[in-house]
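Contents: one structure, followed by commentary.
Each reported figure results from applying straightforward, stated rules to the coordinates on display, with no laboratory input. Treat the numbers as computed from the prediction; the structure is a model and nothing was measured. Cβ placement follows ideal geometry from the backbone for every residue including glycine, while neighbour counts extend to all protein chains displayed.
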Amino acid sequence: MKAIIRLFLFSIVLVHATHAMSGTALNIYSGAHGDAILIDAGKNKTLIVAGGAIPRGAGMASDCFAKATLSLKTKPNFYEGQLDSVHNEIIDADLDSVSGRLAGAYIYPSRIRIGKIEVDGICADGIDFSGDYKKIRQESEKYASIFAYFMRMEAQNAENIKKHDGRTAEIDILRPFIEADYTKLRLDIQDRKVVESIFKKYKSMPSN
């Protein structure tokens, strides 16, 4: 009897551990230099950041957009990785233009600190993504608004990657946003229409 109970408890622990390992967290942050999303799949993390424009006297640089796949570089919490190609209404950066360029971030429980993201020559002059970004509560309207914006940018990116880089990536790019369950977010009418449209298109795509 004790052996059966131990086996039962072990099975429960194994199921929860497997669920935790397969889960992907999508955290949203906001800072003085823009907004960011960190897609946390465990060992590897995807950092997406938009903004970066800072005042330059009477002028202002145009906002930019950057994406990188990060892995642990220095324990306990510094992550670094190569920039990814991105093709959306903000930026058009192919594989050649981002080759060898890095992004780095310190990841804390309630914030991230972005270091230098190497976008010189890709973004407009004056772009600076560095600084602290505070985690936004999922229940807030701001979280929902930022979620919808990044989902729209990544949907554009997914559509354009095959054209620019010869790769098909729609499923991998959009999956974290679909798995986040947008129905629980406080989306306004316009953002909800955009998100639902992307969701329906995603669901019609053939699975890998």
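Details
- Amide H contacts of Gly34: Gly52, each under 5 Å away and 5 or more positions distant or on a separate chain (H built 1.01 Å from N in the peptide plane; Pro and chain starts excluded).
- Computed from backbone phi, the HN-Hα couplings of segment 115-121 come to x, 5, 10, 7, 10, 4, x Hz, rounded to whole numbers (Karplus: 6.51 cos²θ - 1.76 cosθ + 1.60, θ = phi - 60°; Gly and Pro given as x).
- Within a straight-line Cα-Cα reach of under 19 Å, Lys200 can be paired with the following aspartates and glutamates, leaving aside sequence neighbours fewer than 8 residues apart in one chain: Glu154, Glu159, Glu170, Asp172, Glu179, Asp181, Asp188, Asp191.
- A rounded overall shape is assigned to segment 24-203, the ratio a/c of its alpha-carbon gyration tensor axes (a ≥ b ≥ c) being less than 1.5.
- Summed side-chain charge close to Lys193 - residues other than Lys193 whose Cβ falls under 15 Å, Lys, Arg +1, Asp, Glu -1: +2
- Part-to-part distance (alpha-carbon centres) for segment 113-175 and segment 90-110, which is given in Å: 10 Å
- Measuring against 25 Å, Cα to Cα, the residue pairs Lys43/Lys134; Lys134/Lys201; Lys142/Lys193; Lys43/Lys67; Lys67/Lys201 contain Lys134/Lys201 as the ones spanning a longer distance.
- Restricting segment 70-131 to GluC sites (Glu not before Pro) in coil, as DSSP defines it, with at most 13 other Cβ within 10 Å: Glu89
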